[in-house]
Every structure is written in structure tokens, then in C-alpha cells.
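No value in this document is a laboratory result; all are computed from the given coordinates. Computed from a predicted structure; not experimentally measured. Note that each Cβ is placed from the backbone with ideal geometry, even for glycine, and that neighbours are counted across all protein chains shown.
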């Protein structure tokens, strides 16, 4: 999220602050485990998010992230906020691999309509997986709901807060599962090539 007024130490106005993460870990047998966390609104969430990211990504040979410069910046912000995890988080950033340049250079579909955003490429390449069944379908709304959940939680009753949290979790899980399915499709295109 990107609050206008900095809420936690070492934040700037409108700076992106990592308060949620989601990832799918692929195991040697080809199965996946989903991991996620959303800040709970009690104090600076970045140290806990940093710990969770470091724990989940520890030992991964490769960390795939769509538009990896943004993810690298999030990891750097976590490293600054949680110096005890800084080396580990920067090491994770060094293992980031991004399918976006491959798509831009080698894959095109008219339904991309000139856009290489994840949702723009997902629809034509992985048509069976979309966002239409979700309450939160795009990042802008997710950011607004995160701000609501973390910065205005006093105005939410517990069931309402839990509903927003669940919608955010489902959206983030879909985003990372979309990466899994997009990579599968890119591998299939490469093999057919």
C-alpha cells in the first residue's frame, strides 16, 4: 500500500510499503504449497512480513516474480525495516527471475492489446484462469482495501474486517497461482516452438 501520510518509521509519503505477500512454492514432486501473510494492523508490519518472506523463500534456487523490479524494491524496503533479515532478503532479490522480458521479446497475442500486464497476458495465454469470480480483481482495489484494513480498522466490525482480509487473500493467491500457470504455458510454447 502507499499511504499519503507515512505511518511507520523510515517511510515516505506515497511510498509503497509491503504489507502482504503470497507465493506458491513448487516441490520436487511437482506439487505446490501456498504461503501468504497480511499485516494485522498492530504496529509496523514489515518485520513480520520480512520474516515470513525470508522463511518461505529460504533454499529456493529461483524466485519468479512478474515485474521483478517492483518486487526487488519491496524486498529492499523490507530489508531496511528489518535489518536482521537484510542479507537474506537481498539474497532473495538476487535470485529473482522475471518472465516479463521473455513475453515482451518472444510472445505476442492480439488480445494483449499492447499491454504486458499480468492480467493482459493471462487472459489469452491461460484462458481458464481469470479474476472474474473474485471480489477484488485488480491491484488498485487491493491497495485501497489494504489501507482500509490496516489504517482504518477501528471503523470495521470484526466480520467486515475478516471479509476484507479473505478477499485480499484470495486475490493475492490468484495472482501467484497465475504466475504458476503462466510459466507452465510459456514452457509449453517453448517446447512446441
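For residue 92, indicate whether it is without any contact (Cβ under 8 Å) to a residue 24 or more places away in the chain and either buried (at least 19 other Cβ atoms within 10 Å of the Cβ) or at negative phi (or both).
The answer is no for residue 92.
Going by what's in this entry, would residue 134 be described as within 15 Å of residue 173 (Cβ to Cβ), touching a residue at least 60 places away in the same chain (Cβ under 8 Å) and in contact with a helix residue (DSSP H, G or I) (Cβ under 7 Å, 6 or more places away or on another chain)?
Taking the combined requirement at face value, the residue does not satisfy it.
Let me confirm something: among 39, 60, 72, which residue is touching a residue at least 40 places away in the same chain (Cβ under 8 Å) and either under 19 Å from the mean Cα position of the chain (by Cα) or surrounded by fewer than 17 Cβ atoms within 10 Å (Cβ to Cβ) (or both)?
Residue meeting the stated conditions: 39.
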